[in-house]
1. Is region 50-58 home to any residue that is within 27 Å of the chain's Cα centre (by Cα), at pLDDT below 65 and part of a helix (DSSP H, G or I)?
2. Listed residues GLU37, GLU26; which is at pLDDT 90 or above, open to solvent by 100 Å² or more (accessible area, probe 1.4 Å) and either assigned to a helix (DSSP H, G or I) or of a type in the set (D, E, K, R) (or both)?
3. Is it the case that ARG84 is at pLDDT below 85 and either open to solvent by less than 80 Å² (accessible area, probe 1.4 Å) or of a type outside the set (Gly, Ala, Ser) (or both)?
4. Among the numbered conditions (1) touching a helix residue (DSSP H, G or I) at 6+ places or on another chain (Cβ under 9 Å); (2) open to solvent by less than 80 Å² (accessible area, probe 1.4 Å), tell me where PHE63 comes up short.
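The values are calculated or read from the model by the stated rules, or taken from the named source; none is laboratory data. Not measured: the values here are computed from a predicted model. Cβ: placed from backbone, ideal geometry, glycine included. Neighbour counts: every protein chain shown. With ligands, DNA and RNA removed, areas are computed over all heavy atoms of the protein, side chains included. Shrake-Rupley method; radii C 1.70, N 1.55, O 1.52, S 1.80 Å.
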Amino acid sequence: FFQRYLAHIITERRLKTLALKSLPKELDAWSTPLPKEQWAKPSEELLTLNQQLIRAYERGLRFTEMGPVSQWQPNRQEKQRSKRGRGRHKSGTLL
């Protein structure tokens, strides 16, 4: 037990001191935050789902009571119809 504990302490110390000193300069440049103009904009679908969530929370629903998010999408039935018949099994026979 003591050997594992000592190895853990030594590893932690090495990570704190040696690893931080050896990071390349390119990593610092890469990790700087993007300006707000370059941030990704949320899609219309995401904004709509967020509004639906806000209304559901206002009605007192919990997230666990709302069901799958896929059921909230307005064109859900169209997507399900287009997926039918694409699987390995068509009309009960194997392909």
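1. no
2. Just a single option satisfies the conditions, and that option is GLU37.
3. On the way: at pLDDT below 85: yes; either open to solvent by less than 80 Å² (accessible area, probe 1.4 Å) or of a type outside the set (Gly, Ala, Ser) (or both): yes.
Yes, satisfied.
4. Single failed check for PHE63: (2).
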